[in-house]
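Data block below; observations after.
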Amino acid sequence: MTNAKKVTDFDAFLSNYDTTTLAIAATFILGIITVLIFFIKRSTGSGNSILFMGINNAGKTAIFLNLIKSENRLTITSMKQNEGTVQVGGKSLKIIDLPGNERIRKQYMDQFKKSVKAVFFVVDSFTLPKEVKDVAELLYDILIDGTLTKYSPTIVIVCNKQDHAMAKSSSVIKNLLQKELNTLRTTRAAALDSIDQNEKVNLLGKKNKDFEFSDLKFKVEFIESTIKDNDGKSGLSSVTDWLEKVA
Amino acid sequence: MNYSFSFNFDSDFKDLLKRVEQDEKKKAPAKMKAFSQSNKAQKTVSSMIIKKNGVQVNNVAPVEKQRPNKLQEDEMNRNIEKMKLKKAHRNARGKPPGEKPKPSQSPVQVQEKVSRNKSRTVWPNEGKSAEAGLKLDYSGEKEDTSQVVLTKSEREIVGTAGGEIRDIGEDDDDYDVDISDEEINGTAETNTKKPTRGFFSSLTSLIGSKSLEEKDISPIIGKMKEHLISKNVAAETAEQLCGSVSKKLIGKVLGTFKTVQSTVKEALYEGCVQILSPKRRVDILRDALDARANKRPYAIVFCGVNGVGKSTNLAKIAFWLIENGLKVSIAACDTFRAGAVEQLRTHVRKLNALHPVDKGPETVNLFERGYGKDPAAIAMEAIAHARDTHYDVVLIDTAGRMQDNEPLMRALSKLIKVNQPDLVLFVGEALVGNDAVDQLMKFNQSLADFSNMENPRLIDGIVLTKFDTIDDKVGACISMTYTTGQPIIFVGTGQTYSDLKNLNATAVVNALLR
C-alpha cells in the first residue's frame, strides 16, 4: 500500500457518490441550522402579547371581539384561544383571549405565559360575590406561577359588566379578592418543602401580614368596564387606555 | 517507504494456537462427582441429630456404603465408654451419698418423665368462660393516650403536612413518547416508495403539509391503544380515548416539522391531561373553613369495595386536616366487619397522641355506636354530635361493599341521601385494571337508582390508594376519571400518615405515555 494508492481510493470513494447526495447533505445541514434558530427564537419569547384571562362567562371573548372587530356579538364558551392584533396609539398589539373553562385553562396558560406583556384579568362584577372562590383561585394560580413571576407583567383586573345595576365597584371587588386571597394562601400556599418538586412554592404577599395587592411584585391595577356604550362613550375606553399604557 | 513489509506473524500465531489447543484437549475437564461420592451424601438427617450423651451417630446413615474402617470404629467405641464413665461419675457426685447412681438411664426415659409433668398450656385470651370473654372484649375500652408509644419517625411527621397537599413528583423534562417508535416507523416506511433514500423521504414528510386520513393514523392509534392497555388503562376506556383522538385528528392538516406519530402522541397527551384536570374547584380546606364560618361540620363520606384502604386513607386525611388546624370527628359507620371500630380507635388514639391538647375537647374524636347498627343513623348522629361539640370536619367511614351487592348498595345510597354530605369520595386502588370502570359505574348507578331523588348525590371525587405499588402502570387514574368525570383528589402513596399526595396530571400522563 502506498500513499498514492490511498489518494486514488479517496477519488474512487468520491466518484461512487454523485453530487446530488452532497447537495442534499448540505441542504440538510442548512435545514438543521434553520430549525435551531427557529427554536432558539421561540424559546426566548418575544413578550409582546396581551393575555385575556378569567373564569367562564366573565366576558373575555366579548371584550376581545369588541377590541378587534368593534362589534357586539353573542358569545359561547371558548374551547381554544382567540388571537388577533389591535392598533393602539400607532403600535400593533397581539391580543390572545384564553378559554376560561377549568379543564383546559391551565394548559393554555402554560402554552402562552412565556410571551406575555400584560395580563388582563376579566371579572364579572355582578356575580363576583358568588364566584369569588373560583375567581380568587385562578388569580392565585396566576400570581403564584413561576414563569409569570419571573417576567412579572402588569396585571390589569378588568371589572366587567358595570352596566348591570347590581354590579360591584372596583374597590369592593378589590377588597373581596384581597380577603379571599388571604384565606387561600393559608389553605394552599403553606406547603413548605416538597421532595420531588424542583420549584419551591413561594408565599403570596408578605409574611405575618394580611394579603394586599400592593405587596406583590406585580403591578396590579383595577379598572371598570362594560361592552355597552353609555352616552356615546365606549365602555371599554378604560381598557384601551391601559392597552396604550402597556404597549 | 514500503508499507508492504510485515512480520510473518500469522503462521507463528497459528502454530501457537494449535499447540495450546492440543494441550487443553489432553487435560480432560474435571468429572463431576456423583452425589453418593460427595460429603453431603454422608450426612443424613438422623446423623445430624445429637444424642443426649453427646455422640453423633454416623453409622446409621442409610446411603453409606463403606463401613468406617476398624480403627476409627474402635476409637469411637472407646470414646463412648469414656463419656459414659464420666457421666456416671458426675451423677454420683451430684446426688446425695445414699442414693445409687443410675448410669444406665437412657435419654428416652428422661424425656418421658418430663412429658408426664407437662401442664396444659393456657393461652392468654382463650375465650371459654364468661370472664375470659370479658377479657377479650375490647369494645368498651377507654382510650388511654399515655399508653400510645410513638416511634421517632412518627413524631417527626408532625407539622409536616401543613398547607396544600403536595404533588407527586413531576419531572420537568419534555414528555418524550418512545413507545414502539421503530415499529411505527417500520409501518410508515413500507408505505413510502423510496426506502433507500431514508432521510430524503423523511425530509419531505417533515415539510410537506397534508391533511391526515384515517389510514395514516389508524396503525399508530392501534399501537397507542395497546400501549395504554399495557399501562393498565381499562380496555373500554382505551378504546374510547383512542377513538376520540383519531376523530379529532382526521382532516387536520399536518403542521410543519411534524410527523404523523408525533401529532398523534401530542393529541393523546393533551387528551389525557384534559381528562385528569378537574372540571371544578377542588379545595377541601377552603370549603371546610367556609363550613366552619357557617357553624356546621363539613361531612365527607368514604365508600368503596372491600380492602382498598378506606379506613387507612381516612386516617391520613384526618392527619392532614388536623395539621391544618381543623378538629376532626370520625364516624365509625362500618358496623359490619369485625375490628373496624377498633382499627379506627387505634388511629384516633395515635392521632391524639401526635397532636395533644392542653384542655378542652381532643383534636380527633371517634363517634361509635358498636356493631350491627344502621350506618345511616350513626352518621346522622355523628354529624349532629359534631355540630354540638364544634368539630369542623366529620369523616364517615363506611363498610366495604362489592358493587354488585344490591342490599349493601341500597344501604349506602340511604346513608348519602339521608345525611347529604358535602363530599362523597370513592376510594379505589391503583392496582385495579378493567374492574375500575365497572366499580365506578355501578357505584354511581346505584347511588342514582336507589335514592329516589330527582338530583341524586353521586360520587364527587376519587381517592386513589396504593399508588406506590404500581410503578408506571398508572392507567387506573385515566380509567377512573374518564368513567366518572370526577377528579382524583387524594393519592395514597404509603403506610404512614404523611403519605398522602396530590395528583399531578402532567406527571401521570408522562408516566403513562413513557
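The values are calculated or read from the model by the stated rules, or taken from the named source; none is laboratory data. Keep in mind that this is a model prediction, so the values were computed, not measured. Backbone-built Cβ (ideal geometry, glycine too); neighbour counts: all protein chains shown. For accessibility, only protein heavy atoms count, side chains too; no ligands or nucleic acids. Shrake-Rupley method; radii C 1.70, N 1.55, O 1.52, S 1.80 Å.
Under a 5 Å amide H cut-off, with hydrogens placed 1.01 Å from N, B:Ile330 pairs with B:Asn365, B:Leu366, B:Phe367, B:Leu395 among residues at least 5 apart or on other chains.
Loop-resident trypsin sites (Lys or Arg not before Pro) (DSSP state other than H, G, I, E or B) in segment A:204-247 with no more than 14 further Cβ atoms inside 10 Å of their Cβ: A:Lys206, A:Lys207, A:Lys209, A:Lys217, A:Lys219, A:Lys228. Averaged over peptide B:251-258, the number of partner chain Cβ atoms lying within 10 Å of each residue's Cβ comes to 1.
Straightening the chain between B:Arg281 and B:Glu156 buys 41.8 nm, computed as 0.36 nm per residue apart minus the Cα-Cα spacing. Go through A:Lys69/A:Lys133; B:Lys258/B:Lys466; A:Lys91/A:Lys228; B:Lys231/B:Lys501; A:Lys60/A:Lys113; A:Lys161/B:Lys247 and tell me which ones have a Cα-Cα distance over 27 Å in this structure. Where the Cα-Cα span goes over 27 Å, the pairs concerned are A:Lys69/A:Lys133; B:Lys258/B:Lys466; A:Lys161/B:Lys247.
Rounded to the nearest 10 square angstrom, B:Ser230 shows an accessible area of 60 square angstrom against a 1.4 Å probe. Is the C-alpha gyration tensor of segment B:424-481 telling us rounded, prolate or oblate? Criteria: a/c under 1.5 is rounded; beyond that, a/b larger than b/c is prolate, otherwise oblate. The shape class here is prolate. Look at the stretch B:284-296: the mean tally of other chain Cβ atoms within 10 Å of its residues' Cβ atoms is 2. For segment A:46-146, applying the loop criterion from DSSP together with a ceiling of 13 other beta carbons within 10 Å to the trypsin sites (Lys or Arg not before Pro) yields A:Arg73, A:Lys80.
B:Leu85 contributes about 130 Å² of solvent-accessible surface, heavy atoms of the protein only, 1.4 Å probe. Using a probe of 1.4 Å on the protein chains alone, the accessible area found for B:Glu381 is around 80 Å².
Once the C-beta distance of B:Lys295 and A:Lys69 is scaled by a Förster radius of 60 Å, the resulting FRET efficiency is 0.75 to the nearest 0.05.
Calculated translational diffusion coefficient of segment B:284-459 (4 °C, 1.567 mPa s; Stokes-Einstein with Kirkwood radius over alpha-carbon pairs) equals 79 µm²/s. Per-residue 3J(HN,Hα) values for segment B:299-305, derived from phi via the Karplus relation 6.51 cos²θ - 1.76 cosθ + 1.60 with θ = phi - 60°, read 9, 10, 9, 10, 9, x, 6 Hz in sequence order (x marks Gly and Pro). Accessible area per residue (1.4 Å probe, heavy atoms of protein chains only) ranks A:Tyr140, A:Tyr108 as A:Tyr108, A:Tyr140, with the largest value leading. Tell me whether segment A:47-246 comes out rounded, prolate or oblate; compute the Cα gyration tensor, take square roots of the eigenvalues as a ≥ b ≥ c, and use a/c under 1.5 as the rounded threshold. It is prolate, given that a/c is not under 1.5 and a/b is the larger ratio. Note on B:374-387: average number of Cβ atoms from other chains within 10 Å of each residue's Cβ is 0. Sparsely packed loop sites in segment B:286-358 (the chymotrypsin sites (Phe, Trp or Tyr not before Pro) outside DSSP H, G, I, E and B with at most 16 other Cβ atoms within 10 Å) comprise B:Phe336.
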